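Just below is one structure, and these are the notes that go with it.
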Amino acid sequence: MTENILEVRDLVKHYPVTRGIVFKKTIGHVKAVDGVSFGLRQGETLGVVGESGCGKSTLARVLMNLEKPTAGSVLYKGQDIARLKGGELRRLRRQIQLVMQDPYTSLNPRMTVGDLIGEPFDIHPEVAPKASRRGKVQELLELVGLNPEHINRYPHQFSGGQRQRIGIARALALRPEIIVCDEPVSALDVSIQAQVMNLLEQLQGEFGLSYVFIAHDLSVVRHLSERVAVMYLGKIAEIGTEDEIYERPTHPYTQALLSAVPVPDPKVREQKAIIRLTGDVPSPVDPPSGCRFRTRCWKAQDVCATEPPVLEIRPGSDHPSACHFAEKREIVVTHEA
């Protein structure tokens, strides 16, 4: 077992809710990320999955140090990235890169592909001298399956899948160790999703990359991830290996998510038990006391309203789950991406 290259400890990110125009007064906080902890090993893919609004993209921005945490820490090889400044922060930027969700808005339409992919070299000229930059950019284009002769084209001349490949090439330019993928295939057609994911898998094997792969599609996460963290309303509900989460889920929320995954075989589909959750997702401004999932949970009891469950391995389980009544439940899911 290798050491963690990235460690997230009790990470909190709250956004103030204000009232008033001239004299603004803070009347509450959006608890986007509220006490998240996990580790990422070299060459590993950690999938982060959950409903929209659960805090996944906020987590990505804090991991990239694009936003400072309210509390807690993100440690890269033992260094707290939120405390880095100047040259130290610039050097860190080389090691942790981001692939954004929407390839149609993440690329500047006024810049050529060569300028887009080569822009990181302007910030880190020590990586590629000016004389060799064009060749480096063409190598990156070829690496992600694009024609290196298209270096002078603009983003609008490429399809959505090709634009995402350009985004991946830009993330690879500085040869990082970690890439945070914030729903990188959600805006693409299903067939193109598979191509991009296969490319990410190939690049990981070639360069030993570590991925934090954020998505809301359970089948997409399963295809690429060794471990999976399930988020609900700013917290991790359950975390474990791919088999533990998909074959032996113990948290009611995870079980409900997996029961909703479509199964193509009609005979298997008839035998599948569907868990239908009642009620809406609570507001992150005023989350429920105790367990945040209790207002929609069929297992909820009095203790769930008073004692927040700790993310730990429960009796009869083999991986951590934040539920007072965690228990294994067999869920029929498809293995296809």
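Across the range 99-132, the qualifying residues are those that are touching a Pro at 6+ places or on another chain (Cβ under 9 Å) and assigned to a helix (DSSP H, G or I), and the one among them that is nearest to Pro148 (Cα to Cα) is Val113.
Scanning the range 1-50 for residues that are surrounded by fewer than 20 Cβ atoms within 10 Å (Cβ to Cβ) and touching a helix residue (DSSP H, G or I) at 6+ places or on another chain (Cβ under 8 Å) returns a single hit, Gly43.
Hey, does the range 13-26 have a residue that's on the phi < 0 side of the Ramachandran plot, without any contact (Cβ under 8 Å) to a residue 40 or more places away in the chain, in a strand (DSSP E or B) and among the charged types (D, E, K, R)?
Step one: list which residues in the range 13-26 are on the phi < 0 side of the Ramachandran plot, which gives 13-19, 21-26.
Adding the requirement that they be without any contact (Cβ under 8 Å) to a residue 40 or more places away in the chain leaves 15-16, 18-19, 21-26.
Going one step further and asking which of them are in a strand (DSSP E or B), we end up with 15-16, 18-19, 25-26.
Those still in the list that are among the charged types (D, E, K, R) too: 19, 25.
So far as the range 13-26 goes, yes, one or more of its residues are on the phi < 0 side of the Ramachandran plot, without any contact (Cβ under 8 Å) to a residue 40 or more places away in the chain, in a strand (DSSP E or B) and among the charged types (D, E, K, R).
Would the range 202-214 turn up any residue that is under 24 Å from Thr58 (Cα atoms), of a type in the set (D, E, K, R) and surrounded by fewer than 22 Cβ atoms within 10 Å (Cβ to Cβ)? For the range 202-214, residues under 24 Å from Thr58 (Cα atoms), of a type in the set (D, E, K, R) and surrounded by fewer than 22 Cβ atoms within 10 Å (Cβ to Cβ): absent.
Would you pick out the residues in the range 272-308 that are of a type in the set (Lys, Arg) and within 18 Å of Gly234 (Cα to Cα)? Those that are of a type in the set (Lys, Arg) and within 18 Å of Gly234 (Cα to Cα): Arg292, Arg294, Arg296.
Looking at Ser52, Ser57 in this structure, which one is at pLDDT below 95, within 16 Å of the chain's Cα centre (by Cα) and within 28 Å of Gly118 (Cα to Cα)? If you could, list the steps in order and put the result at the bottom.
Numbers: Ser52 fails: within 28 Å of Gly118 (Cα to Cα).
The conditions single out Ser57.
Select from the range 63-74 the residues that are outside any loop (DSSP other than H, G, I, E, B) and either in contact with a helix residue (DSSP H, G or I) (Cβ under 7 Å, 6 or more places away or on another chain) or surrounded by fewer than 17 Cβ atoms within 10 Å (Cβ to Cβ) (or both) and list them in ascending order. Ala71, Ser73, Val74, listed by residue number. Exactly one residue out of Thr254, Thr241, Thr250 is among the β-branched types (Val, Ile, Thr), farther than 18 Å from Ser186 by Cα and surrounded by fewer than 16 Cβ atoms within 10 Å (Cβ to Cβ): that is Thr241.
Quick grid of which residues meet (1) crowded, with 19+ Cβ neighbours inside 10 Å; (2) over 20 Å from Leu66 (Cβ atoms); (3) modelled with pLDDT of 95 or more; (4) not hydrophobic (A, V, I, L, M, F, W, C):
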site: Leu84; (1), (2), (3), (4): no, no, no, no
site: Gly87; (1), (2), (3), (4): no, no, no, yes
site: Arg90; (1), (2), (3), (4): no, no, no, yes
site: Gln101; (1), (2), (3), (4): yes, no, no, yes
site: Gly118; (1), (2), (3), (4): yes, yes, no, yes
site: Glu126; (1), (2), (3), (4): no, yes, no, yes
site: Ala131; (1), (2), (3), (4): no, yes, no, no
site: Leu141; (1), (2), (3), (4): yes, yes, yes, no
site: Gly161; (1), (2), (3), (4): yes, yes, no, yes
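Taking the stated definitions as given, is Val285 part of a loop (DSSP other than H, G, I, E, B), modelled with pLDDT of 90 or more, out of contact with any helix residue (DSSP H, G or I) (no Cβ under 7 Å at 6 or more places or on another chain) and among the aliphatic types (A, V, I, L, M)? Spelling it out, Val285 is indeed part of a loop (DSSP other than H, G, I, E, B), modelled with pLDDT of 90 or more, out of contact with any helix residue (DSSP H, G or I) (no Cβ under 7 Å at 6 or more places or on another chain) and among the aliphatic types (A, V, I, L, M). Within the range 144-162, identify whether any single residue is within 24 Å of the chain's Cα centre (by Cα), hydrophobic (A, V, I, L, M, F, W, C) and not in a loop (DSSP other than H, G, I, E, B), and answer yes or no. No.
Listed by first and then second residue, the pairs linking a residue in the range 227-250 that is farther than 21 Å from Gln42 by Cβ and at pLDDT 95 or above to a residue that is surrounded by fewer than 24 Cβ atoms within 10 Å (Cβ to Cβ) and among the aromatic types (Phe, Trp, Tyr), with Cβ atoms under 8 Å apart and 6 or more places separating them unless they lie on different chains, are Ile236/Phe38.
The values are calculated or read from the model by the stated rules, or taken from the named source; none is laboratory data. Since we're looking at a predicted model, the values are computed, not measured. Please note: Cβ atoms are built from the backbone with ideal geometry, for glycine as well, and neighbour counts cover all protein chains shown.
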